[in-house]
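This report refers to the structure that appears directly beneath it.
The values are calculated or read from the model by the stated rules, or taken from the named source; none is laboratory data. Everything quoted here is computed from the prediction, not taken from an experiment. Note that each Cβ is placed from the backbone with ideal geometry, even for glycine, and that neighbours are counted across all protein chains shown. For accessibility, only protein heavy atoms count, side chains too; no ligands or nucleic acids. Shrake-Rupley method; radii C 1.70, N 1.55, O 1.52, S 1.80 Å.
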Amino acid sequence: MIGLVMLAIIGMGTLFVVHNARRSVAEEVRSSVNLALQLIDAGLEQAVAAGRSPVDWIAQLARLDRTRHLSLSIHQGERTIIDLPSSAAPAAGEEAPGWFAWAVAPEPLVAEKHLHQIGNPMIQIIIDANPADEIAEAWTEARGFLLLMLALAVTVYVVVHTTLGRAFNSVGVILEGLENLENGDYSRRLPEFYLPEFARISRAFNHTVCALEKTREENRALTQRSLAIQEEERRYLAQELHDELGQSLSAIKAIAASLRKPERDDKSTADAVGTIQSICDHLFAVLRTLMQRLRPLMLDELGLKASLEDMIENWRSRYSDIALDFRCDDGIDECVGDSRIHIFRIVQESLTNVVRHSGARHLKIHLSLIETADDRPEALLLKVSDDGAGFDPSRAPAGLGLLGIRERVESLGGRFGLNTRPGAGVTLRINIPCGDKLP
Ligand SMILES: Nc1ncnc2c1ncn2[C@@H]1O[C@H](COP(=O)(O)OP(=O)(O)OP(=O)(O)O)[C@@H](O)[C@H]1O
Ligand SMILES: [Mg+2]
């Protein structure tokens with residue numbers, strides 16, 4: 001396409017040059033012929049005024065040199081008095097190529113003048129224009145222009161071709177990168193391209209691939225962790241069921257069998273029944289602990305606020321050296337709906353982190369409702385901040401607690417903010433939209 005456009009430009013330029021050359025050659029030739037005619041007229045007038053015969057004056061013309069553009073012939077009757085052809089053709093190497101000469105050659109121009117004399121045959125003066133020299137001159141000028149245009153076109157073509165070639169190479173490399181990504185290969189990065197636009201695409205691509213790779217690693221770690229937790233819970237449940245339930249049921253079965261014996265008295269029967277009752281009480285307690293571990297029952301029975309208060313009371317009694325300021329708006333239970341277990345677990349993990357990593361003296365946990373203009377709860381804001389050691393997020397060891405919190409928040413369509421630096425404590429800001437209260 002670019003080549004064709006360049007050819008079209010060269011073609012139009014050539015037409016323009018030929019058109020101009022043709023016009024100027026025609027004008028030059030015409031004015032030469034006109035000038036010659038005027039000079040002849042003026043010469044004849046002068047000769048007549050000086051009393052000389054026009055024939056004498058014309059005879060002097062034979063002494064003229066040959067002119068460049070004109071051939072002159074003078075005839076009287078059948079006799080040729082003068083025959084002056086135009087001067088020699090242009091020097092070798094300067095003549096125009098055939099196509100140019102053909103394109104710019106003007107119409108043949110011949111001027112004739114007749115002198116009538118009484119008693120003598122008519123004198124006929126013929127001036128014939130020869131444009132060869134003029135065409136050669138026009139070619140010299142046009143050739144420079146055409147060569148310049150050709151050089152420009154070739155330069156433009158080469159530059160555009162090279163630039164586009166590079167661009168398409170870059171597109172090929174980018175496509176290859178995208179295909180790798182499609183096939184799940186996140187290890188490949190794009191090079192820094194020469195063209196600035198492609199360099200930006202390459203940087204954005206590499207940044208995205210890094211983020212994807214990190215997310216995939218995090219997901220893998222989370223999945224492994226959740227599978228491990230699942231296995232651990234199953235092992236724990238199996239152990240508890242075996243130790244507590246199995247033993248208790250065996251005991252009940254043995255006591256029930258002993259009740260059948262005919263030699264039993266009332267007291268031993270009453271003792272056996274009492275034992276069965278206390279074993280059943282123990283079983284209930286074990287069951288309750290198990291269920292509490294699987295899912296805090298209070299959460300469903302009493303709601304999030306009461307469950308958090310209960311957990312925090314428990315926590316305070318264990319870590320009395322940390323002053324915990326807990327505040328929670330009324331009405332959060334209506335806002336959180338099914339997401340309450342997530343919020344409960346988030347607070348639980350935050351408390352664990354404070355104890356494990358912060359060395360804090362003060363801790364604040366605030367749950368407040370963000371309301372719309374017409375007082376309807378719109379979102380829940382959970383803020384957990386401590387005055388402990390803080391940490392540098394870019395250097396912290398990769399745990400799964402904070403990652404799990406972020407995953408939970410994002411799965412609820414919320415926003416997760418972590419503000420911390422070494423020595424400045426940690427502040428978690430979590431914003432979760434209200435589930436069922438939204439219009
Ligand atoms: N409140 C805090 N104060 C100081 N450092 C913290 C606090 N919370 C987290 N950190 C730092 O951030 C790191 C990551 O925390 P995260 O909860 O993700 O993992 P973890 O607690 O180390 O392990 P786990 O996966 O068992 O939770 C911690 O190792 C710790 O260095
Ligand atoms: Mg943790």
Checklist entry - In percent, how large is the relative contact order of the stretch 306-439, given Cα pairs closer than 8 Å and 6 or more residues apart? => result 26
Item to check | Fraction of the pair-distance distribution of the stretch 273-379 above 25 Å, Cα-Cα pairs, percent | outcome: 37
Item to check | Cα-based helix-to-principal-axis angle, 196-240 vs the chain, degrees rounded to 10 | outcome: 20
Item to check | Separation of alpha-carbon centers, the stretch 258-303 and the stretch 384-420, rounded to whole Å | outcome: 43
Item to check | Degrees, to the nearest 10: 304-318 long Cα axis against longest axis of the chain | outcome: 70
Item to check | the chain: calculated mean residue ellipticity at 222 nm from DSSP helix runs of at least 4, using -39500 (n - 2.57) | outcome: -19500 deg cm²/dmol
Next on the checklist: Can you give the FRET efficiency to the nearest 0.05 for T275 and D243, using r as the Cβ-Cβ distance and R₀ = 25 Å?
Outcome noted: 0.85
Checklist outcome for this item: Other residues with Cβ under 13 Å from the Cβ of R327 give, with Lys and Arg +1 and Asp and Glu -1, a net charge of -1
Checklist entry - For the stretch 196-293, with the dipole built from +1 on Lys and Arg beta-carbon atoms and -1 on Asp and Glu ones, taken about the Cα centre, which of T289, P196, Q224 lies farthest toward the positive end? => result P196
Next on the checklist: Under the 0.36 nm per residue contour assumption, what length would be gained going from the current alpha-carbon distance of Q38 and V355 to full extension?
Outcome noted: 102.3 nm
Item to check | Virtual spin-label span in nm between A256 and S24, 7 Å along Cα→Cβ | outcome: 12.4
Item to check | Size descriptor, Kirkwood hydrodynamic radius, that averages inverse alpha-carbon separations across the stretch 2-157, Å | outcome: 18.2
Checklist outcome for this item: Place a point 7 Å from the Cα of I9 in the direction of its beta carbon; the residues of the stretch 137-170 whose amide N falls under 17 Å from it are 145-165
Checklist entry - What is the gain in length, in nm to one decimal, between D338 and K267 on full extension, counting 0.36 nm per residue of separation less the C-alpha to C-alpha distance? => result 20.3 nm
Checklist entry - HN-Hα J couplings of the stretch 383-392 from phi, Karplus 6.51/-1.76/1.60, θ = phi - 60°, integer Hz, Gly and Pro as x? => result 10, 10, 9, 10, 10, x, 5, x, 6, 9
Next on the checklist: If every alpha-carbon in the chain counts as one equal scatterer, what log10 I(q)/I(0) does Debye give at q = 0.07 1/Å?
Outcome noted: -0.68
Item to check | Reachable lysines, given that their alpha-carbon falls under 17 Å from the alpha-carbon of K305 and they are not under 8 places away in the same chain | outcome: K364, K383
Next on the checklist: Is there a quick way to get the dipole size of the stretch 302-433? I mean about its Cα centre, with the Cβ of Lys and Arg at +1 and of Asp and Glu at -1; what is the value in debye to the nearest 20?
Outcome noted: 660
Item to check | Extension gain, N419 back to Y194 (0.36 nm per residue minus Cα-Cα distance, nm) | outcome: 77.1 nm
Checklist outcome for this item: To the nearest 20 debye, the chain has a Cα-centred charge dipole, built from +1 on Lys and Arg Cβ and -1 on Asp and Glu Cβ, of 1120
Item to check | Cross-link reach list, lysines versus K261, counting only Cα pairs under 19 Å and skipping chain neighbours closer than eight places | outcome: K253
Checklist entry - Among I279, F16, A257, whose Cα sits farthest toward the positive end of the charge dipole of the chain (+1 at Cβ of Lys/Arg, -1 at Cβ of Asp/Glu, about the Cα centre)? => result A257
Checklist outcome for this item: In this structure, the FRET efficiency calculated for Q230 and D325 from their beta-carbon separation, with R0 = 60 Å, to the nearest 0.05, is 0.95
Next on the checklist: Using a Förster radius of 22 Å, what is the FRET efficiency between A306 and F284 based on their Cβ-Cβ separation? Nearest 0.05, please.
Outcome noted: 0.50
Checklist entry - By how many degrees, 0 to 90 and rounded to 10, does the Cα axis of helix 340-353 deviate from the longest principal axis of the chain? => result 90
Checklist outcome for this item: For the chain, the accessible surface attributable to carbon and sulfur atoms (probe 1.4 angstrom, ligands and nucleic acids excluded) amounts in percent to 57
Next on the checklist: Per residue of the stretch 270-277, what does 6.51 cos²θ - 1.76 cosθ + 1.60 with θ = phi - 60° give for ³J(HN,Hα)? Whole Hz please, x for Gly and Pro, Karplus curve as stated.
Outcome noted: 4, 4, 4, 4, x, 4, 4, 4
Next on the checklist: Please compute the contact order of the stretch 235-359 in relative form: average sequence separation of alpha-carbon pairs under 8 Å and at least six residues apart, divided by the residue count, as a percent.
Outcome noted: 20
Item to check | Relative contact order (%) - the stretch 1-148, alpha-carbon pairs under 8 angstrom, separation at least six | outcome: 30
